[in-house]
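Please read the structure below before turning to the comments.
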Amino acid sequence: MIHEIEPRTGVAFELARGQRLRVIDPQGEQVADLLAYNRHDVDEVLSSGRSLDYASCIYLTRGHDLYSNRSNVMLRIVEDTVGRHDFLLAPCSAEMFRLLYGESDPHRGCFGNLAAALAPYGVQPDAIPTAFNVFMNVPVDATTGRLRVDPPLSRAGDSILFEAGMDLVIGLTACSAGQSNNFRYKPIHYELLDAG
Ligand SMILES: [Zn+2]
């Protein structure tokens, strides 16, 4: 069953060890921020630093593992039709919209959406780390380290499939930042698949 995340919103749900999560870009050029917490102890959380370190790569794709702050595998990427995602930048937030874009009445962003969706699971806002930004396209200049946010490479129907390495609580959004989706705020689809 395919679920829809409305534009500029987010959800949280449980994913059991061995279960699979497919994140789909139904219209193309949209980003989904993904977080994962150990369902039995939410102090264990997705770690960008550890995942990039162990992969020795900043662009993670099929065959790469997403690790926790305790160096356990939370999610494995088993399929990926896009091959470009970001794991450097924090979820968009009201503060980010103020600082980067000078917005006076900003949207709460993926950060606020994740905080609200994860609160029932006991996750505090300060425990929200850098998300795995599905389909987000952040080219980095290898010499200077300068980066920019470009429109995603994803086209309608593209997807990425994760397999859970432990029992998880997942946070997932349809990104609220114009820069990351070419200023066309769109939904995200996802489906849960039982261990095959
Ligand atoms: Zn966002």
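The values are calculated or read from the model by the stated rules, or taken from the named source; none is laboratory data. Quick caveat, the model's predicted, so the values are computed rather than measured. Here Cβ is always computed from backbone atoms with ideal geometry, including for glycine, and neighbour counts include all displayed protein chains. Protein only, heavy atoms only, side chains kept; ligands, DNA and RNA dropped before computing areas. Shrake-Rupley method; radii C 1.70, N 1.55, O 1.52, S 1.80 Å.
Among the residues of the range 51-66, count how many are more than 19 Å from Asp167 (Cα to Cα) and in a helix (DSSP H, G or I). Talk me through it step by step, then tell me what you get.
Restricting attention to the range 51-66, the residues satisfying the condition of being more than 19 Å from Asp167 (Cα to Cα) are 52-63.
Narrowing further to those that are in a helix (DSSP H, G or I): 52-55.
Count: 4.
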- request: Would you mind finding the one in Asp141, Asp80, Asp126, Asp105 that is charged (D, E, K, R) and crowded, with 17+ Cβ neighbours inside 10 Å?
  value: Asp80
message: On the basis of being within 29 Å of Leu193 (Cβ to Cβ), more than 13 Å from the ligand (Cβ to nearest atom) and open to solvent by less than 30 Å² (accessible area, probe 1.4 Å), does Asp65 make the cut?
response: yes
- prompt: Assuming Ser71 fulfils every condition listed in (1) under 17 Å from Ser176 (Cβ atoms); (2) hydroxyl-bearing (Ser, Thr, Tyr); (3) surrounded by fewer than 17 Cβ atoms within 10 Å (Cβ to Cβ) apart from one, which condition is it?
  reply: (1)
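Which residues, taken from the range 89-102, are touching a helix residue (DSSP H, G or I) at 6+ places or on another chain (Cβ under 9 Å) and either more than 19 Å from Val140 (Cβ to Cβ) or surrounded by 15 or more Cβ atoms within 10 Å (Cβ to Cβ) (or both)?
Keep residues of the range 89-102 that are touching a helix residue (DSSP H, G or I) at 6+ places or on another chain (Cβ under 9 Å), which gives 89-97, 100-101.
Those that are touching a helix residue (DSSP H, G or I) at 6+ places or on another chain (Cβ under 9 Å) and either more than 19 Å from Val140 (Cβ to Cβ) or surrounded by 15 or more Cβ atoms within 10 Å (Cβ to Cβ) (or both): Leu89, Ala90, Pro91, Cys92, Ser93, Ala94, Glu95, Met96, Phe97, Tyr101.
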message: With the structure loaded, tell me whether Ser154 is under 18 Å from Leu89 (Cβ atoms) and among the hydroxyl-bearing types (Ser, Thr, Tyr) or whether it fails that test.
response: yes
statement: Filtering strands (runs of 3 or more DSSP E) wholly in the range 82-196 for at least 1 residues that are more than 13 Å from the ligand (Cβ to nearest atom) and over 20 Å from Thr61 (Cα atoms) gives 168-173
task: Search the range 1-28 for residues that are farther than 20 Å from Val169 by Cβ and in a strand (DSSP E or B) and pair each with any residue that is polar (S, T, N, Q) and open to solvent by less than 70 Å² (accessible area, probe 1.4 Å) when their beta-carbon atoms are under 6 Å apart and the residues are at least 6 apart or on different chains.
output: Ile24/Ser159; Asp25/Ser154; Gly28/Ser154
